[in-house]
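Structure first, then comments.
What follows draws every value from the coordinates through simple rules; no lab data is involved. In this text the structure is predicted, and so the values were computed from the model without any measurement. Neighbour counts run over all protein chains shown; Cβ positions are idealised from the backbone, glycine included.
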Amino acid sequence: MKTGFVNIFGKPNAGKSTLLNALLGEKLAIVSHKVQTTRHRIKGFLNEPGKYQVIFSDTPGIITPRYKLQEKMMLSVKSALEDADVAILLADATEGPEENNLLFSSLKLKVPTIVVLNKTDKIGLKRITAAEEFYQQQPYCKKLVTISALEKQNLDTLLQAILAFLPEGEPFYPEDDLTDLSTKFFVGEMVREKIYELFGDEIPYHTAVIVNEFKEKDTLTKIQADIIVQRESQKGILLGEGGQMIKKLGTMARTDIEQFLQQKVFLQLFIKVKPKWRDNDMQLKEYGY
Ligand code: GDP
Ligand code: K
Ligand code: MG
């Protein structure tokens, strides 16, 4: 059977997390229109027992780090660059190809690379064709596929292209697993996603979520999580007047978590101020980075 690591790279907001979710038919990676939403490498497995196990990795968008958290994010990209059997270079079709080309060339990948032109739902055929021609001339481009991750267009063509490049081998993970990450991790991510959804520019970038308690009982799962911010003023914004924002956040996150776990959830959120956590090695480790 075909098995191997297929790692997705690209600029922030290219649609990497949307693509991972679309390929797996399951929402594993959180998505927002803001850059740097994804902080970890997130693995999801696509299994067809006896035929293939594709281990997809979503990665943080490639940037020049400005603080330690971003350095750690780029380390997770580096690990994905090193173990890829096939690389997907994801380009946003609504942008000109030059900047993406600079990034893709700089990665110096030695494995087969598929350039995937995403968001083709947003542009006309003429621009799609021009971009196709551009990428097909690049030495790293072994294959080009145009898709819309959002509208799930052409994903099967992409899968077939991937399988053609994947080596033969035995499965790396049990064939009924979807991921190697814990439920606790995904619960924290769902809280984080709502912070990206509800709060303006700066807040999400100063925030971490840590799940302290995760207790499954017969009919109810009890979850307690801390939201870490850097300043008192940010705590105030997250709380909102009379605590209305944190309440809204809690309700939105709980709804998603209940759908994910298929169970009733009691979610308790506390806000804690930890100055400069994004540059503190110990704290980054504690928060899972
Ligand atoms: P990432 O930063 O590369 O992981 O990108 P995300 O998956 O978080 O997506 C960034 C934004 O682009 C979100 O608002 C997505 O809904 C949007 N997006 C992703 N794929 C598509 C697509 O195929 N078409 C359109 N129109 N929007 C997309
Ligand atoms: K994003
Ligand atoms: Mg992402």
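Observations on the structure shown:
- Shape class for segment 187-289: oblate, because the ratio a/c of the largest to smallest gyration tensor axis (alpha-carbon atoms, square roots of eigenvalues) is 1.5 or more and b/c is at least a/b.
- Compared with the direct C-alpha span, the chain from K34 to K247 gains 74.4 nm at full extension, assuming 0.36 nm per residue.
- Computed on the chain, with alpha-carbon pairs under 8 angstrom and 6+ residues apart, the relative contact order is 18 percent.
- Scaled to the globular estimate 2.2 N^0.38 Å, the Cα spread of segment 2-165, given as radius of gyration, is 0.96.
- Unit charges on C-beta of K, R, D, E only; dipole of segment 183-286, Debye: 260
- Listed residues V145, I195, L166: farthest to the positive end of the dipole of segment 136-249 (Cβ charges): I195
- The C-alpha radius of gyration of the chain, expressed as a fraction of 2.2 N^0.38 Å, stands at 1.04.
- Given +1 at the Cβ of Lys and Arg, -1 at the Cβ of Asp and Glu and no other charges, the dipole of the chain around its Cα centre is 780 debye to the nearest 20.
- Neighbour-count order for V54, V35, fewest beta carbons within 10 angstrom listed first: V35, V54
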